[in-house]
Amino acid sequence: MRVLAAADKFKGTATAAQVCAAIGHACWDLGIDCVEMPMADGGEGTLDVLGGPNRTTTVTGPLGTAVEAQWRLHRGVAVIEMARASGLTLVGGATANDPIAATTAGTGELINIALNEGAKKIIVCLGGSATTDGGYGALRAIGTPARLLAVDFLVACDVDTLFTDAASVFAPQKGATSSQVKLLTGRLERLVQVYQEDFNIDVSTIPGSGAAGGLAGALAALGATLMPGFDIVAEENDFDDALRDSDVVITGEGLLDDTSFDGKVVGSVLSYAREAKKKTVAIVGDIDEVTDASQYADMQVVSLTEKFGAEQSQQQVLRCIEDAARELLK
């Protein structure tokens, strides 16, 4: 038997690499071949599964103060996780944020540096942003943005939100009041006109252009291709080849719910595995009781909370994952 361990992080308790390693340990104990392939959906944690950071650059943080942002440049491929330059956690969360002033300038500075250093492919991972500036801060930080037309420019995006809906959908999570949401929406509507005039593209019609407060739309105006984050990670890591060579794929995440099947890792792994006609198992921390079980009727799911209890599954999550995998594979 050949196993592919392709799991997401268990948020707050284990990284994707740790989860896959725990599954790998169980396979090793049983004498089973296992390929460990940590996965992500394009949001926070994607940089880690694409090789991890190997550079740190001082850039403009979301509220204007300098931050040390980690990113990656290897063999001409740059990976930038916008949360590390323009993320909500950098300002201390929604209550400490200034949703009107928050800027994506730092993310643009990283893109600019990647271009200056000769990147031939740039992957920008969205998610966890503090901003609703329509990506204007990032755009202004990129010197001669036409250079991006000469590189393979991808944006990992796992939502379909339109550009002018970004404020109403996401800004309240970033600390915006109802009056601020209206102000931000007006600013986004004006930027639609600006991008149309400057780049001859109507970002308001592009699915996903509202991701990261409209940053996705601004980057699309500069020539970026918006793609599901999982698909980008799968392509970079040769997931299709590893899946083809496996008999069983084991995935997982902290909480299985309906969003798990909307561009997230578990649902995406299941979709790929269905097409490849491979058996799929998911080890999860817990299952939301309102989750539509028909979405995973053909996938075996093990809940650590149900199997080991809430306390043990949280405090000893890696041991529980390893034990669950070992039992599944015996």
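Axis angle, to the nearest 10 degrees, between helix 265-276 and the longest C-alpha principal axis of the chain: 60 degrees. Qualifying GluC sites (Glu not before Pro) in the stretch 79-172, where qualification requires a DSSP coil assignment and no more than 14 other C-beta atoms within 10 Å, comprise E117. Applying both filters, DSSP loop and at most 10 other Cβ atoms within 10 Å, to the trypsin sites (Lys or Arg not before Pro) of the stretch 61-158 gives R75. Distance between the C-alpha centres of the stretch 280-330 and the stretch 1-49: 14 Å, rounded to the whole angstrom.
Near E81, the amide H atoms lying under 5 Å from its own belong to C125; only residues 5 or more places off or on other chains count, and H is placed 1.01 Å from N. Rounded to whole Å, give me the distance from the Cα center of the stretch 94-156 to that of the stretch 173-218. Cα centroid of the stretch 94-156 versus Cα centroid of the stretch 173-218: 14 Å apart.
Taken about its Cα centre, the stretch 46-230 carries a charge dipole of about 300 debye when Lys and Arg each add +1 at the Cβ and Asp and Glu each add -1 at the Cβ. For the peptides 21-30, 217-226, 273-282, residues were scored by their other Cβ atoms within 10 Å and the scores averaged per peptide; the highest-first order is 217-226, 21-30, 273-282. Neighbour counting of Cβ atoms within 10 Å sorts the residues M1, M37, M299, M82, fewest neighbours leading, into M1, M299, M37, M82.
Could you give the length gained on full extension between D29 and E306, defined as 0.36 nm per residue of separation minus the Cα-Cα distance, in nm?
Residue separation times 0.36 nm, minus the Cα-Cα distance, leaves 97.3 nm.
For the chain, DSSP calls about 25 percent of its internal beta bridges antiparallel. Over the chain, DSSP H runs of length four or greater, each weighted -39,500 (n - 2.57), average out per residue to a 222 nm ellipticity of -11000 deg cm²/dmol.
Beyond 30 Å between alpha-carbons counts as too far, so tell me which of K174/K277; K9/K277; K9/K278; K11/K120; K121/K278 fall in that bin.
K174/K277; K11/K120; K121/K278
Every number here is computed from the coordinates shown, using simple stated rules; none is lab data. Just so it is clear, the model here is predicted, and its values are computed rather than measured. All Cβ positions, even for glycine, are placed from backbone atoms using ideal geometry, and neighbour counts span all protein chains on display.
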